[in-house]
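Structure record follows, encoded as structure tokens.
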Amino acid sequence: MRLWTLALVVVGYLAGLYFYSRGFLLTRQTLRLNSSCADVQHPDAPVRGCWLEARFKRAIVLVIDALRFDFVDRQTGPDVSPYYHNRLATIGRLLEERKHQSLLVEFTADPPTTTLQRLKALTTGSLPTFIDAGTNFAGTAIDEDNIIDQLVGLDRNVIFLGDDTWTALFPAQFHRQFPFPSFDVKDLHSVDDGVLGHLYDELNKPDWTLLVAHFLGVDHCGHKYGPSHPEMRRKLDQMDRMIANVTQLLADDTLLIIFGDHGMTTTGDHGGDSPDELAAALFLHSNLPLHSEDNNVLSAVAQVDLVPTLSLLLDFPTPFSSLGTIIPQVFTREQQMAAAKANVEQVVRYAHSYSKQSGDSALSSRLQPLLRTFNSLTPEELTVERCLETVRQMQRIFRECWATFHGPWMLIGVLAMLETLSWTLRLMVDEDRSWGGRAVLKLVTVLLQLIAYFGQQEIIPVALHMLLSLQLVLDLAAIVNGLMVVKQNRLPSLLHAFPFLLLLLHAASFFSNSFVVYERDVIRYLAQTSLLLLLVQRKGVGAPRKPGTAAAPKIPSLWRLICVYFDWKSILFTMVALVLLRSGVMFAKCREEQSECVPSWLTASFQSLHDDADKNVRFLTALASVGLLIFAMRSFLRRNGHLDGHSFKSVALGAAPLLSFTAILVYWVSLWLPDNVWQHYQTAFSLAPPLIVYTLSLMLTALLAINPLLINVVMGEQKREELDESAVASKRKVFQHFKRNWAEYLGQPTGTVFGLASAISGPIVALLLCWTVVLVLLLGDGIVASNFASILRHGLINNMNKVSAFGEGTYLSTELSLSLNWSPMSAVDSNGKRVGCVALCEIVNDPSGVKIGCNESVVGSAKTVPNKYFIVRNDELVIVRYLLVYEHESKPPQTSNQQRLFHRTLGWLSTHRFWLLMCLYFSLLMAVGLASSSNFRFYWKRLFAQYWPNHRHNDHHHYDDA
Amino acid sequence: MGLWAVLRAIWFVIVGIPIFYVVAVLFGAPLLSELYETLTFAIALSCLVFFPLGLTFTSYDQLGRLVFENRPDTKRQLVAQRIAFGSVLGAWGGAAVIPLDWDRPWQIWPTPCVAGGVIGAFLGLLLAIFALRCGPLTFSKRQKWKIV
């Protein structure tokens, strides 16, 4: 395969991936527009201040990460957890005693429920789209209009304490800031203690308008221990004391806002969209009456609603891209109307700007009727409820439009992938063809893809669809053609077709929801079936019996019968592999949809275990598994001479696994430490072992990528004479005699190469070793045993797949015709010829190492080696004397009389293949085009249906500025 | 076929029960918690597979040819082989409906696998009849069956 074809294949895959993700990963355009005080003006309402008269001068925002709604709300009944329910007693007391000054709200987050995305939504008021989801650990500065920028723009000061995600989002905005690192989720206390150290001082200072304090302890406790743990109770009690202190220090002009940015699941995780993760708590409190409702617990308020509410309560302009509605309860009766009007005006303005800038016609056509209805309202009909309803509807439209995939791009992606795949297949099948015409097609495709990448033309996707599908059809036809040629020679038996059936079944299983839910069972079942099939296919490897032979001894029992047809190795290996596969169930994690599934204690995090015996068992099995894994692979490398020599690579390969093992051991031991001990070691201690493991693995991978060969060449006299002292030492001398002769003949010194026998498998094992260590660290101590089992299983299966008819060894033959069968032809060389080669060898005829026509039972078989075979068990008894290189002359396949007509037809079809395909393709295109053309459908109906009323042309709604 | 063959067939069935129990557990049935269900499956499948085989063969060589080489010696053996293979395949395929979320009572282990085994045996019987009536079978000289 030439370099440029390879380059085109790579480009094809990359383009497919890019276009698919462009259609699938939804993006939202960010508008760089800001709100200002002059934007919203009500001639009918006396506005003092900016948009609305401020109810509060200052606000304290306490973010308690992962504060779920039921942590705060009063819980009764049998399901009350002693660890996390009713622990925030201060809030409960305030809700009862100061009814009108406190408000508890169920605060519904939008997925993804990760802290960075929540903070963006809570400051800008916008809805997240899919493309945002991956950026949690590289928080970049917010470039959209947001609360903090608005306050700073009005010369009001913002103080920040806590999670350093905020300072990544707002690098220069805060008047004073006290950030603390949030990365180490095992660390429960350093952020919280840091915040508490400064919080009360800052509360007493008069120079701020907004004070944000972000506590991470509850979230990290969830990650580390899960919610049902004594640490969680301790953490929530600490938060409760903090809230009590803050409420005592609260001034009359200050609003206290406490909320969680998201919830957590029963295992303490978050990020998804389950109800437990979405339902956070929001608590509002002030010394003056806040609202006049009787019920001070509200349900289901969207998280973005806090943005307009806070901005109008403190009176600064609502951020431009905010899509929230105000919470009407916290405004006075007189203010509600003005607040609702400001709210609706701001959202309508955003809708205008967004649909103008993005050019999204679907969005415009959906917003249009809503705006028209709203504009036609008379002042009497314009109630608070009406305004808020309009905002909510607009929010819903935006949400739906941002959650709609772009079909044409995705289709291009899928087609490009399939096309490249089929082309790769073709390249593999007939690589000696010249691909001139095809290359032109490919280049045009790439060019169009480039244009599509930069441009916005509507016609490009359609052209790409056509071009790609044309190439796909060509390739598929060629592949089917190739398959038919193969099929004429031999029909595959049912037994050989069954693995393909399994593959198809697996592919088909993804179309059923239930099979996706139980995917691991489906895969296990199919894998076990294929294992049994492998066993059945190996049947008869050791069968010496033919039905006609009378001399065959009677088989006395069922067990002997099985032994005749199967060798013990196959049966044993299959059984062990089956048991290993089956035992994988012990390590299963539960999917959300599997309601009856009980998660295994092996998959839970180590710290969430309560029982010391469990911990012991897990720790010891994990240690044994990882130790066995590492040392088995390392000893393989050592035995095969890959660790010999003093090059940096071999020394590193020898030392790195041991270092990694030690690091993993230290890391797991550190998990035993109770939390108060942990505190003293801080982050350096908990992050160092993983860092060591990752660095070593990356380094080794890079070394292996630069030069994968792990061989060590020693020129001159043999360094290790004592190597392989065995019974064949005398034969070894013969071999060395040859070698010396060879050296004298050539006049060059000969050397010894270590690690040549496993030159290919050695680096693979080394890479496996590198990444096993990383995997072990990532998966945790519970799963390691399964990792070990899977590697063992693969080894067993690979061993079973190794087929050698008469046992291991080098197979030689006295007959050239026999040898030629095993001499594969090369790829086409530069002269356009195929070349093969046969080696002429000299062997030392030693009965202990060479088998010729003897009847001896060897492992896996009990067969007579035919006379024409020489099987050399000891490689050193063979020396290659000549290499016969020959060219291949291809013969046309022989055909019988019956097949001639068929072949002639096929021949005609294959010579005119291109035109046939073009005809087929264009008729297909015509059919598709006609089927989707409205005019054609119209006349079609006209012709075949007598009456066809109400035909409508697609009228494109153009958005007009109202 | 006589009393001896029937006794041997029963012996085969008894030997087959633990084999199928182990196979069922390996393929995902619970080890002990649903003992009776798994045992039911093992008994049913052992009856379907080993009873016809046990009835029809006379020596283990024949059985080996029948099962592993697909060379039945008599018509009866052909029928027994098709029934046995059919019921194994049917039981294998029957498991496909267990994970589906239709909430039917017959989806609970071991009903689909036993039912699949019975249906597979029936289909195997039909196939055997088809093969005997109009399949490409030829008599060898000693009145034995050989599949071309």
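The values are calculated or read from the model by the stated rules, or taken from the named source; none is laboratory data. Values in this document were obtained by computation on a predicted structure and should not be read as measured data. Methodologically, a virtual Cβ is constructed for each residue, glycine included, from the backbone with ideal geometry; neighbour enumeration extends over all protein chains shown.
Inclusion of B:VAL114 among residues that are touching a Phe, Trp or Tyr at 6+ places or on another chain (Cβ under 7 Å), at pLDDT 90 or above and part of a helix (DSSP H, G or I) is warranted.
Hey, among B:VAL79, B:VAL97, which residue is among the β-branched types (Val, Ile, Thr), surrounded by 17 or more Cβ atoms within 10 Å (Cβ to Cβ), farther than 24 Å from A:PHE515 by Cβ and more than 9 Å from the chain's Cα centre (by Cα)? Working first, answer last.
On the way: B:VAL97 fails: farther than 24 Å from A:PHE515 by Cβ.
Going through B:VAL79, B:VAL97 in turn, just one is among the β-branched types (Val, Ile, Thr), surrounded by 17 or more Cβ atoms within 10 Å (Cβ to Cβ), farther than 24 Å from A:PHE515 by Cβ and more than 9 Å from the chain's Cα centre (by Cα): B:VAL79.
Of the residues examined, A:PRO544 is one that is more than 9 Å from chain B (Cβ to nearest Cβ), at pLDDT below 75 and either in a loop (DSSP other than H, G, I, E, B) or more than 36 Å from the chain's Cα centre (by Cα) (or both).
One line per residue, one yes/no per condition, for (1) closer than 21 Å to A:LEU95 by Cβ; (2) of a type in the set (S, T, N, Q); (3) touching a residue at least 40 places away in the same chain (Cβ under 8 Å):
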{"site": "A:PRO230", "(1), (2), (3)": "no, no, yes"}
{"site": "A:PHE259", "(1), (2), (3)": "yes, no, yes"}
{"site": "A:THR265", "(1), (2), (3)": "no, yes, no"}
{"site": "A:ALA280", "(1), (2), (3)": "yes, no, yes"}
{"site": "A:PHE283", "(1), (2), (3)": "yes, no, yes"}
{"site": "A:LEU290", "(1), (2), (3)": "yes, no, yes"}
{"site": "A:VAL301", "(1), (2), (3)": "yes, no, yes"}
{"site": "A:LEU314", "(1), (2), (3)": "no, no, yes"}
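The residue that is nearest to the other protein chains (Cβ to nearest Cβ), among those in region B:57-87 that are closer than 24 Å to B:GLY116 by Cβ and polar (S, T, N, Q), is B:ASN70.
When B:SER59 is tested against (1) touching a helix residue (DSSP H, G or I) at 6+ places or on another chain (Cβ under 8 Å); (2) over 30 Å from A:PHE587 (Cα atoms), only condition (1) is not met. Out of all the residues in region A:107-146, which are surrounded by fewer than 17 Cβ atoms within 10 Å (Cβ to Cβ), within 24 Å of A:LEU62 (Cβ to Cβ) and at pLDDT 70 or above? If the condition is that a residue be surrounded by fewer than 17 Cβ atoms within 10 Å (Cβ to Cβ), within 24 Å of A:LEU62 (Cβ to Cβ) and at pLDDT 70 or above, then A:ALA141 is the only one that fits.
Please pick out the residue among A:PHE754, A:PHE788 that is of a type in the set (Phe, Trp, Tyr) and either in contact with a His (Cβ under 8 Å, 6 or more places away or on another chain) or surrounded by fewer than 18 Cβ atoms within 10 Å (Cβ to Cβ) (or both). Break it down into steps so the answer makes sense when it comes.
On the way: A:PHE788 fails: either in contact with a His (Cβ under 8 Å, 6 or more places away or on another chain) or surrounded by fewer than 18 Cβ atoms within 10 Å (Cβ to Cβ) (or both).
Result: A:PHE754 is the single residue among A:PHE754, A:PHE788 that is of a type in the set (Phe, Trp, Tyr) and either in contact with a His (Cβ under 8 Å, 6 or more places away or on another chain) or surrounded by fewer than 18 Cβ atoms within 10 Å (Cβ to Cβ) (or both).
Here A:HIS270 meets the list (1) part of a loop (DSSP other than H, G, I, E, B); (2) modelled with pLDDT of 90 or more almost entirely, failing just condition (2). Among the residues of region A:268-300, those that are surrounded by 19 or more Cβ atoms within 10 Å (Cβ to Cβ) and within 38 Å of the chain's Cα centre (by Cα) comprise A:GLY268, A:HIS270, A:ASP276, A:GLU277, A:LEU278, A:ALA279, A:ALA280, A:ALA281, A:LEU282, A:PHE283.
Regarding region A:790-806, can at least one residue be identified that is small (Gly, Ala, Ser), at pLDDT below 75 and farther than 30 Å from A:SER600 by Cα?
Filtering region A:790-806 for residues small (Gly, Ala, Ser) gives A:790, A:795, A:804-805.
Remaining after also requiring at pLDDT below 75: A:804-805.
Keeping just the survivors that are farther than 30 Å from A:SER600 by Cα gives A:804-805.
Checked region A:790-806: at least one residue is small (Gly, Ala, Ser), at pLDDT below 75 and farther than 30 Å from A:SER600 by Cα.
Only one of the numbered conditions (1) surrounded by 17 or more Cβ atoms within 10 Å (Cβ to Cβ); (2) in contact with a Leu (Cβ under 6 Å, 6 or more places away or on another chain) is violated by B:ALA5, and that is (1). Kindly indicate whether any position in region A:594-612 is away from chain B (no Cβ under 12 Å), of a type in the set (A, V, I, L, M), assigned to a loop (DSSP other than H, G, I, E, B) and touching a residue at least 60 places away in the same chain (Cβ under 8 Å). Scanning region A:594-612 turns up at least one residue that is away from chain B (no Cβ under 12 Å), of a type in the set (A, V, I, L, M), assigned to a loop (DSSP other than H, G, I, E, B) and touching a residue at least 60 places away in the same chain (Cβ under 8 Å).
Among residues of region A:404-418 that are farther than 15 Å from A:LEU14 by Cβ, those with a beta-carbon under 6 Å from a residue that is part of a helix (DSSP H, G or I) and of a type in the set (Gly, Ala, Ser) at least six positions away or on a different chain give the pairs A:PHE405/A:GLY23; A:HIS406/A:GLY23; A:MET410/A:GLY23. Just to be sure, is A:VAL617 without any contact (Cβ under 8 Å) to a residue 24 or more places away in the chain and either in contact with a Phe, Trp or Tyr (Cβ under 6 Å, 6 or more places away or on another chain) or more than 14 Å from chain B (Cβ to nearest Cβ) (or both)? Judged against the criteria, A:VAL617 is a match. Taking the criterion of being more than 16 Å from A:LEU558 (Cα to Cα) and aromatic (Phe, Trp, Tyr), the residues of region B:58-97 that qualify are B:PHE85, B:TRP92. Mind checking which residues of region B:97-132 are within 13 Å of chain A (Cβ to nearest Cβ) and of a type in the set (S, T, N, Q)? Of everything in region B:97-132, just one residue is within 13 Å of chain A (Cβ to nearest Cβ) and of a type in the set (S, T, N, Q), namely B:GLN107.
Taking the residues in region A:577-593 that are of a type in the set (A, V, I, L, M, F, W, C) and in a helix (DSSP H, G or I) as candidates, determine which candidate is farthest from the other protein chains (Cβ to nearest Cβ).
Within region A:577-593, the subset of a type in the set (A, V, I, L, M, F, W, C) is A:577-581, A:585-588, A:590.
Next, only the ones that are in a helix (DSSP H, G or I) stay: A:577-581, A:585-587.
Working: A:ALA577: 10, A:LEU578: 5, A:VAL579: 7, A:LEU580: 10, A:LEU581: 8, A:VAL585: 8, A:MET586: 11, A:PHE587: 15 Å.
So the residue we want is A:PHE587.
Pairs only if they're at least six apart or on different chains, beta carbon under 7 angstrom, first in region A:555-570 and more than 10 Å from chain B (Cβ to nearest Cβ), second of a type outside the set (A, V, I, L, M, F, W, C) and loosely packed, with under 14 Cβ neighbours inside 10 Å; list them, first residue then second. Once the first residue is more than 10 Å from chain B (Cβ to nearest Cβ) and sits in region A:555-570, no partner that is of a type outside the set (A, V, I, L, M, F, W, C) and loosely packed, with under 14 Cβ neighbours inside 10 Å comes close enough. From the list A:LEU561, A:LEU637, A:LEU578, the one residue that fits, being touching a helix residue (DSSP H, G or I) at 6+ places or on another chain (Cβ under 7 Å) and more than 30 Å from B:LEU66 (Cα to Cα), is A:LEU637.
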